[in-house]
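Following: one structure in structure tokens, then a few remarks.
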Amino acid sequence: MAELRGVGIGQGVAQGPIARMAARLDPPREEKSTRGADEEKAAVAAAVAAVAAELNARGERAGGTAQDVLEAQAMMAEDPTLEEGVHARIDAGSTGEWAVHAAFAEFAETLQAMGGYLGERAADLADVAQRVIAHLRGVAAPGVPDPGHPFVLVAPDLAPADTALLDLDKVLAVVTTEGGPTSHTAILAGDKGIVAVVGTGESDLLVDGAYVVVDAAAGLVVVDPDDTQRAEASARADARRAAAEAPVTPGALADGTAVPLLANLGDPDGAAEAVALGAEGVGLFRTEFLFLSSEAAPTVEDQTASYTRLLQAFPGRKVVVRALDAGADKPLKFLTDEGEENPALGRRGLRALRHHEEVLRDQLTALAAADAATEADLWVMAPMVATVEEAEYFTRIAREHGIRTAGVMVEVPSVALLADRVFEVTDFGSVGTNDLVQYTMAADRMLGTVASYQDPWHPAVLRLVAEIGRAGAAHGKPVGICGQAAADPLLAVVLVGLGATTLSMSPRALVDVRAELLKHTLDDARRLAEAALAASDAASARDAARAASNA
Ligand code: PEP
Ligand code: MG
């Protein structure tokens, strides 16, 4: 038995045998064939046919969109133009491998030059070429393996194309050796509820067939677990399944203190799933995701339609919509300045909106119209607020447009430190822990090399939340949490102990947080918070809270 440590995504636990993602192949060398042209052509033809058959078969098993994608790849493999390119090179003396490599690369370039949909297919072509060359070499094709039974996928990191096609019936868990907590794998795993531990580092222990327990809650991969560990993992997985099937109740602590559990959404289409998972409303609707690909600001009518659809899904419920948060990790062509050296510290969020006030006014107009047409309780908040004056500005302009409840996100330490002043001029605060951690720790949230700083358990971050909690209570103003931190069950309890009145998270996280809250009273939560606050780093804050929770 040995353990590897990484960053766990979510709270799940799973176990099974490893199947490793096959590594990319070394590119073939440009050399003369020692076999005859006919032999080379026959070998390539057999490899192409086998790859096409394999892709079609995978497609049939996957069904849906994945089937369309895979069948299109199979057709590409057998494209006559490609065959001509391969034959011409073999006739000129190339090996089959080199001919495939060069002909596919040339075709990919042509597609890329065409741009648009065909341009995007160029990457698929590279994948097909790798498969054909793997066949010619008699080695495993790169990409997600298919050992014919459920498995734990181990990979350096996953490409978006691989993750999109993951068969969730087969992939029990994902372990990445390189990816960080903000990697594509991590985001996808969180959204789809896949058990994942990312960034374990490479290890000789992660070999094909080795049996592992993947414990996302602890951020651990246990290689060759003993019977007790296997049984414990099964029991936990069963308990989670049972909790997921239990009737959903409103979020509350063990003593009955209500802690409404809300959903983070980026698209009105996600509303139904959120409701099914027990969301009591929406704590963060990220409006920028509706418009990320837009060349221009969306019209008031388009926006009104989107917001109306969202609000209709939550009659009588609170829905907190965030004004467009453009810049840094979410650039929007029509709002953000290009060429800023440090866009996270640049004209982003409310700063960008204020610079293009017409965009803010249009958005508020659309929100007020949607509010008037529906039964939800609409709250609107501004992102990336750094001063009391900005909080006052946003509340005033929102009211001017008929928004009844206007607040600010607390993402910048300056606003957390002045929370008592901020609450004098606004209706509520919502802590965006993702950015609050980034700005408190001075560590880019997108940068894997500083991922270890991105830990919301850091007591410096918790102290800021405590400031906001205290100020909120003193002014009788609600304090929500809407960053990733709210999805960590034990940290959620600590945040409530620090004064959070609601918690908002990706809907899949609601089950675990709801179950954890029910284990603690408000006094417990405060005790856990005190223990975490007294620590001097994130890991000891987590350990201290855990110890206080078991005491
Ligand atoms: C945050 O910063 O914590 C947040 C909720 O907003 P986003 O992740 O969209 O920046
Ligand atoms: Mg943010």
Contour minus Cα-Cα span, Ala72 to Thr257, at 0.36 nm per residue, comes to 61.1 nm
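Counting only Cα atoms, I'd like the Rg/Rh figure for the range 198-317, Kirkwood definition for Rh. Each step should come with its number before you reach the end.
On the way: Rg = 21.1 Å, Rh = 18.6 Å.
Taking Rg over the Kirkwood Rh, I get 1.14.
How high is the relative contact order of the chain, given as a whole-number percent (alpha carbon pairs under 8 Å, six or more residues apart)? Display every interim value, and only then the final one.
Details: 1130 pairs, mean separation 73.1, N = 551.
Computed over the chain, the figure is 13 percent.
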Set the Förster distance to 25 Å, then compute FRET efficiency between Glu106 and Ala46 from the Cβ-Cβ distance, nearest 0.05. 0.65
Pairwise Cα inverse-distance average, inverted: Kirkwood Rh of the range 236-286 (Å): 12.2 Å
Can you report the principal axis dimensions of the range 37-137 using only the alpha carbons, biggest first, rounded to whole angstrom? 42, 30, 19
Name the residues whose placed amide hydrogens come within less than 5 Å of the amide hydrogen of Val282, ignoring near sequence neighbours (fewer than 5 apart) on the same chain. Ala263, Lys318, Val319, Val320
According to a simple spin-label model (label point 7 Å from Cα along Cα-to-Cβ), what is the distance in nm between Arg241 and Ala372? 5.2 nm
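Given R₀ = 22 Å, what would the calculated FRET efficiency be for Thr521 paired with Arg463, taking r from the Cβ atoms and rounding to 0.05? Each step should come with its number before you reach the end.
Values: r = 23 Å, r/R0 = 1.05.
With R0 = 22 Å, the Cβ-Cβ based efficiency is 0.45.
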Determine, from the Cβ-Cβ distance of Thr249 and Ala53 and an R0 of 51 Å, the FRET efficiency 1/(1 + (r/R0)^6), rounded to the nearest 0.05. 0.50
Let me know the Kirkwood hydrodynamic radius for the range 435-545, please, with Cα pairs as the basis and the value in Å to one decimal. 14.1 Å
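Do any of Lys170/Lys192; Lys192/Lys330; Lys192/Lys477 go past 25 Å between their Cα atoms, and which? Please list the in-between numbers first.
On the way: Lys170/Lys192 14 Å; Lys192/Lys330 22 Å; Lys192/Lys477 34 Å.
The pairs that break the limit, which is 25 Å between Cα atoms, are Lys192/Lys477.
Would you mind giving the average projected area, over all directions, of the Cα convex hull of the range 319-428 in nm² with one decimal? Walk me through the intermediate numbers first.
Details: hull surface 26.7 nm².
Mean shadow area of the hull around the Cα atoms is 6.7 nm².
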Across all Cα atoms of the range 339-401, Rg and the largest Cα-Cα distance (Dmax), in Å, are 13.3, 44
Which angle between 0 and 90 degrees, to the nearest 10, do you get for helix 300-312 versus the longest principal axis of the chain when only C-alpha atoms count? 80 degrees
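Rank-order 311-324, 536-549 by packing density, defined as the average count of other C-beta atoms within 10 Å over each peptide's residues, highest first.
Values: 311-324: 21.0, 536-549: 17.6.
Packing proxy ranking, top to bottom: 311-324, 536-549.
Given the range 253-550, report the % of alpha carbon pairs whose separation exceeds 38 Å.
On the way: 3467 of 44253 pairs.
Pairs farther apart than 38 Å: 8 percent.
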The Cα radius of gyration of the chain, divided by 2.2 N^0.38 Å with N its residue count, comes to 1.09
Virtual spin-label span in nm between Asp329 and Glu202, 7 Å along Cα→Cβ: 2.8 nm
Report the paramagnetic label zone for Glu178: residues of the range 201-224 whose backbone N is under 13 Å from a point 7 Å from Cα along the Cα-to-Cβ axis. 201-202
Once label points are set 7 Å from the Cα along Cα→Cβ at both Ala539 and Ser414, what is their separation, rounded to one decimal in nm? 3.4 nm
Determine the percent antiparallel among the DSSP beta bridges restricted to the chain, to the nearest 5. 35 percent
Of Tyr307, Tyr439, Tyr393, how do they rank once you tally other Cβ atoms within 10 Å and put the fewest first? Tyr393, Tyr439, Tyr307
Distance from a point 7 Å along Cα→Cβ of Ser452 to each backbone N in the range 196-236: keep the residues under 15 Å and list them by number. 199-202
Which of Thr176, Thr95, Thr228, Thr257 comes first, and how do the rest follow, when ranked by fewest Cβ neighbours within 10 Å? Thr228, Thr257, Thr95, Thr176
Relative to the longest principal axis of the chain, what angle (0 to 90°, nearest 10) does the C-alpha long axis of helix 459-475 take? 40 degrees
Using only Cα atoms and rounding to the nearest 10 degrees, what angle (0 to 90) does helix 227-245 make with the longest principal axis of the chain? 60 degrees
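Taken together, the values in this text are just the output of simple stated rules run on the coordinates, not laboratory data. Owing to the predicted nature of the structure, the values given are computational and were not obtained by experimental measurement. Every residue, glycine as well, gets a Cβ built from its backbone with ideal geometry; the counts of neighbours run over all protein chains shown.
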